[in-house]
Amino acid sequence: GLQLHNGATVIAHERRLLSTGSGGVSIHFVDTPYFPAKTFDLHQRWRVADLTALRRYGARRASSPFPAEPHPLPIVDRGSLVLVGGGGMPRGLLTRFVQLAGGRDASIVVIPISMPDPLPDKDGMARQLRRLGAGKVTVLRGRTPADADRVESLDALRTATGIWFGGGRQWRFVDAYEGTRAVKFMRDVLARGGVIGGSSAGATIQGDYLARGNPLGPDDIMAEGYEQGFAFLPGVAVDQHFSQRRRQPDMAALMQRYPSFLGIGLDETTGLVVQGCLAEVVGEHRVHFYDAAATTSDAPRIVSARAGQWYDLVARRLVTPPEATANVPAGPDHLADASAQ
């Protein structure tokens, strides 16, 4: 429900709800079997709300609890994930991504739509991938679920050996792809032993919890209505530009609210290569792992890892590669290669 206090005025335009005038505006959600009643006051920190986010939040409150408990373990059963913290690509990582996708036999789909229109006619990431030897590169620019499930888009994903999500704002990926057949086809890329990668927003979307999903801006790490990523890496929340933008307090707050998630903070020009439960750190700076389940205090246990170190996402500790692979269920044939890299 929408409550206008004395002196309040609201303007609704496209997907924005703007509070003007001297009075405040309150948005009320009634209690449901899964969530208590909640009120957003636009006269306090924000004087604008995103109508799509409010609609999505209302629908989620009526459908199921979030997050679901228990989480699936953070294991990539087959294939590989590449997550980069933005601010530049770690040396050699894009070459490695192309190799994981099959090199000259690779068929890579680039999804740049986290950036606003107009998108360039010639995509820079696609050009780099071709220069590094990728056999086929397709760019998908569709921004709606109808675009995502077009025959030509699904055909590109059906034969893809790799997918790259570009940087920008992660909520745009959600608006375009959530609930579509295309997301299943993306998961099939991993099931075939392929690779999914992305930088900045393209790293965050791969997590289970969607950090910084607020369409109004990137300052809030938690945003009602945009809290669910594509969960290619289940049970984790991924943030980026981490140390450079001093986002440590935000991740600590997220862990306090959702302690069952494993928090991953990616510094700029730094990334992870994930196979099985094993995450290898690459790049110039560090990756920070926040484990709130490991402590009874309000402060999570934090492990900061540098290039060349490995973190077991299930055991939640730094390990040597052979020790990490011992925690992965038998079956995926790529894991033997992970310990030798």
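All of the numbers you see were taken from the coordinates with simple rules; none came from a lab. Predicted, not measured: the structure shown is a model, and the values here were computed from it. Note that we place each Cβ from the backbone using ideal geometry, even for glycine, and neighbour counts take in every protein chain shown.
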Quiz item: So which of SER114, SER107, SER64 ends up being among the hydroxyl-bearing types (Ser, Thr, Tyr) and within 18 Å of the chain's Cα centre (by Cα)?
Solution: SER114
Quiz item: With respect to the numbered conditions (1) surrounded by fewer than 12 Cβ atoms within 10 Å (Cβ to Cβ); (2) out of contact with any Lys or Arg (no Cβ under 9 Å at 6 or more places or on another chain); (3) farther than 19 Å from TYR226 by Cα, which one is the sole condition not fulfilled by ALA59?
Solution: (3)
Quiz item: For region 187-220, which residues satisfy the criterion of being buried (at least 24 other Cβ atoms within 10 Å of the Cβ) and among the hydrophobic types (A, V, I, L, M, F, W, C)?
Solution: VAL189, VAL195, ILE196, ALA201, ALA203, ILE205, LEU210, ALA211
Quiz item: Where in region 9-128 are there strands (runs of 3 or more DSSP E), lying wholly inside it, with at least 2 residues that are farther than 30 Å from ARG316 by Cα and of a type in the set (Val, Ile, Thr)?
Solution: 25-29, 107-111
Quiz item: Somewhere in region 286-306, is a residue surrounded by fewer than 16 Cβ atoms within 10 Å (Cβ to Cβ), part of a strand (DSSP E or B) and among the basic types (Lys, Arg)?
Solution: yes
